[in-house]
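The values are calculated or read from the model by the stated rules, or taken from the named source; none is laboratory data. If you're wondering where the values come from, they're calculated on a predicted model, not measured in any experiment. Heads up, the Cβs are rebuilt from the backbone with ideal geometry, glycines too, and the neighbour counts pull from every protein chain shown.
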Amino acid sequence: MTVSEAIVDLDAFAANVTHLRETVAPAELMVVLKANAYGHGVVEVGLAAVRAGSTRLGTLDIDSALALRSVGIGQAVSIMAWQYPPEQSFEQAIAAGVDLGVSRFSELAGMADGAAAAGRPARLHLKIDTGLYRNGVTAAEWPEFVTAALELEQRGLAEVYGVWTHIAEASDDEDTLALRRFLDAVEVAEKLGARFVMRHLAASSAGLRRADVRLDMVRMGGHCWGIPSFDGVTPAEIGLTPVMTLRSRVTALRTGADGARLAVIPLGYADGIPAGAAGTVDVAIGGTRHRVVEVGADATTVRLNGDAAWGDDVVLFGPGTAGEQTVREWGDLVGTLGDEIVTRITTRVPRRYIGYGTGDADAG
Ligand SMILES: *Cc1c(COP(=O)(O)O)cnc(C)c1O
């Protein structure tokens, strides 16, 4: 067996998704699988989401959306992409029935070409900017943009299906303002003749805390992985279980200059261990926590706080059931988001899937 691995618990993931879906209902839940499902594996986790009853997935890029279609996720499940390189061709995505977020006039033109080539309309979600300035059409351009999309609909090249924006989720006041701007934009579009099926703006944080921002759908990444997106709660307190466990073994023991006993774990920053873990986070060996003192390229050193032997199992982060910290705690200690930590665990670390459908019942 491999010395280090990232165990992905598909049962925990499915339970999170079910819990979140029930919580946001009657709004729908989009499971956001961008960045290779935040490092969990887009295909494996996408299939698990569908098995858990999800009918809406989001991937950010078209290639991942097509990868999900190619493993048999059919048209009953909507898969949405929304970020494209400038030279993106849309024909394949439209042919595969991938929903497309559209944020600029040039994309709209490309989608019209793609729909003509694919011989079927592109299903569009029009994006308005409501203050985040990430992307999206400005309020000034919005009427012209909506009109252009509706023209494509009349020509049979598009279905104007959704309207959306991205909100900061940093403060309730800003989100409330963004919601108001969004609803104003929806009204403007409806006066121009748009009939939206899906209006969506919230992600994990606001989507869980505020019913008023859910509208027709909430798009969640972080919470699906069991990583709380807002302060002051543990995963369990909001009904979630961390999905990824990062595990390794003790591969060397030595004595530090100050006489401290040290253990070496063969995972380093080249594997995605944050350099900021040194002096801040703990790992668990035999249920006891030991502080990380150094993160090198290929190895991490911990100061032993009790006994450990060569070959002992080390849990770096996980659900917390073996004395380890959660990835959310790592994020807090390192000064980043837990989402970022799991996403950055590189493919040097093999993923092992456990739970439903994998023939592997537990992490043991
Ligand atoms: C990443 C992303 C989300 C999910 O964000 P979380 O905070 O991880 O839930 C939702 N919507 C869009 C457009 C995104 O890019």
* Asked: Name the pairs: first residue in region 37-59 and more than 25 Å from His166 (Cβ to Cβ) and basic (Lys, Arg), second residue surrounded by 21 or more Cβ atoms within 10 Å (Cβ to Cβ) and at pLDDT 95 or above, Cβ to Cβ under 8 Å, at least 6 apart or on different chains?
  -> Arg51/Ala14
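I need a count of the residues in region 254-281 that are in a loop (DSSP other than H, G, I, E, B) and either touching a Cys at 6+ places or on another chain (Cβ under 6 Å) or surrounded by fewer than 17 Cβ atoms within 10 Å (Cβ to Cβ) (or both). Steps first, please.
As a first pass, look at region 254-281 and keep what is in a loop (DSSP other than H, G, I, E, B): 256-260, 266-268, 272-274, 278-281.
Applying the additional criterion that residues be either touching a Cys at 6+ places or on another chain (Cβ under 6 Å) or surrounded by fewer than 17 Cβ atoms within 10 Å (Cβ to Cβ) (or both) yields 256-260, 266, 279-280.
Number of matching residues: 8.
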* For region 35-53, does any single residue satisfy the condition of being in contact with a Leu (Cβ under 6 Å, 6 or more places away or on another chain) and either of a type in the set (Asp, Glu) or not in a helix (DSSP H, G or I) (or both)? -> no
* Selection from region 168-220 of residues that are under 19 Å from the mean Cα position of the chain (by Cα) and surrounded by fewer than 18 Cβ atoms within 10 Å (Cβ to Cβ) -> Ala168, Ala170, Arg209
* **So Val315, is it within 19 Å of Gly338 (Cβ to Cβ) and either part of a strand (DSSP E or B) or in contact with a Phe, Trp or Tyr (Cβ under 8 Å, 6 or more places away or on another chain) (or both)** => yes
* Asked: List pairs: first in region 13-29 and crowded, with 18+ Cβ neighbours inside 10 Å, second outside any loop (DSSP other than H, G, I, E, B) and of a type in the set (Lys, Arg), Cβ under 6 Å, 6+ apart or cross-chain?
  -> Glu28/Arg56; Leu29/Arg21
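Kindly indicate whether Val146 is in contact with a helix residue (DSSP H, G or I) (Cβ under 7 Å, 6 or more places away or on another chain) and within 22 Å of Asp113 (Cα to Cα). Steps first, answer last, please.
Numbers: in contact with a helix residue (DSSP H, G or I) (Cβ under 7 Å, 6 or more places away or on another chain): yes; within 22 Å of Asp113 (Cα to Cα): yes.
Yes: the conditions hold for Val146.
Mind listing whichever residues of region 54-68 are over 12 Å from Gly221 (Cα atoms), outside any helix (DSSP H, G or I) and either among the hydroxyl-bearing types (Ser, Thr, Tyr) or over 15 Å from the mean Cα position of the chain (by Cα) (or both)? Spell out how you get there, then give the answer.
Residues of region 54-68 that are over 12 Å from Gly221 (Cα atoms), as a first pass: 54-56, 61-68.
Pick out the ones that are also outside any helix (DSSP H, G or I) and you get 54-56, 61.
Once the filter is applied, which keeps residues that are over 12 Å from Gly221 (Cα atoms), outside any helix (DSSP H, G or I) and either among the hydroxyl-bearing types (Ser, Thr, Tyr) or over 15 Å from the mean Cα position of the chain (by Cα) (or both), region 54-68 yields Ser54, Thr55.
Does Ala37 count as within 14 Å of the ligand (Cβ to nearest atom) and more than 27 Å from Leu157 (Cβ to Cβ)? Show your work before the answer.
Numbers: within 14 Å of the ligand (Cβ to nearest atom): yes; more than 27 Å from Leu157 (Cβ to Cβ): yes.
Yes, satisfied.
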* Index of the failed condition, Ile238 passing every other in (1) in contact with a strand residue (DSSP E or B) (Cβ under 7 Å, 6 or more places away or on another chain); (2) in contact (Cβ under 8 Å) with a residue 24 or more places away in the chain; (3) surrounded by fewer than 22 Cβ atoms within 10 Å (Cβ to Cβ) -> (1)
* Tally the residues that are within 9 Å of the ligand (Cβ to nearest atom), over 10 Å from Leu29 (Cα atoms) and of a type in the set (Val, Ile, Thr), restricting the search to region 207-226. => 0
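Checking the condition part of a strand (DSSP E or B) and either touching a residue at least 24 places away in the same chain (Cβ under 8 Å) or in contact with a strand residue (DSSP E or B) (Cβ under 7 Å, 6 or more places away or on another chain) (or both), which residue from Ile79, Ile73 passes?
Working: Ile73 fails: part of a strand (DSSP E or B).
Result of the check over Ile79, Ile73: Ile79.
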* **Residue selected from region 327-340 under the condition within 16 Å of the ligand (Cβ to nearest atom) and part of a loop (DSSP other than H, G, I, E, B), by the criterion farthest from Ala35 (Cα to Cα)** => Thr336
* To do: Working only within region 96-153, note down all residues that are over 21 Å from the mean Cα position of the chain (by Cα), of a type in the set (Lys, Arg) and within 16 Å of the ligand (Cβ to nearest atom).
  => Arg104
* Asked: Of all residues in region 69-92 being under 21 Å from the mean Cα position of the chain (by Cα), closer than 19 Å to Asn135 by Cβ and not aromatic (Phe, Trp, Tyr), which is farthest from the ligand (Cβ to nearest atom)?
  -> Pro85
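Provide a single number: the residues in region 1-34 that are in a helix (DSSP H, G or I), farther than 15 Å from Ile73 by Cβ and within 16 Å of the ligand (Cβ to nearest atom). Walk me through it before giving the result.
We begin by selecting, within region 1-34, every residue in a helix (DSSP H, G or I); these are 10-24, 34.
Cutting the leftovers down to farther than 15 Å from Ile73 by Cβ gives us 10-16, 18-24, 34.
Now narrow it down to the ones that are within 16 Å of the ligand (Cβ to nearest atom): 13, 16, 19-21, 23-24, 34.
Residues flagged as in a helix (DSSP H, G or I), farther than 15 Å from Ile73 by Cβ and within 16 Å of the ligand (Cβ to nearest atom) within region 1-34 amount to 8.
Would it be correct to say that Ser229 is of a type in the set (S, T, N, Q) and within 9 Å of the ligand (Cβ to nearest atom)?
On the way: of a type in the set (S, T, N, Q): yes; within 9 Å of the ligand (Cβ to nearest atom): yes.
Here the answer is yes, as Ser229 does meet what is asked.
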* **Condition check for Trp164: in contact with a His (Cβ under 6 Å, 6 or more places away or on another chain) and at pLDDT 95 or above** => yes
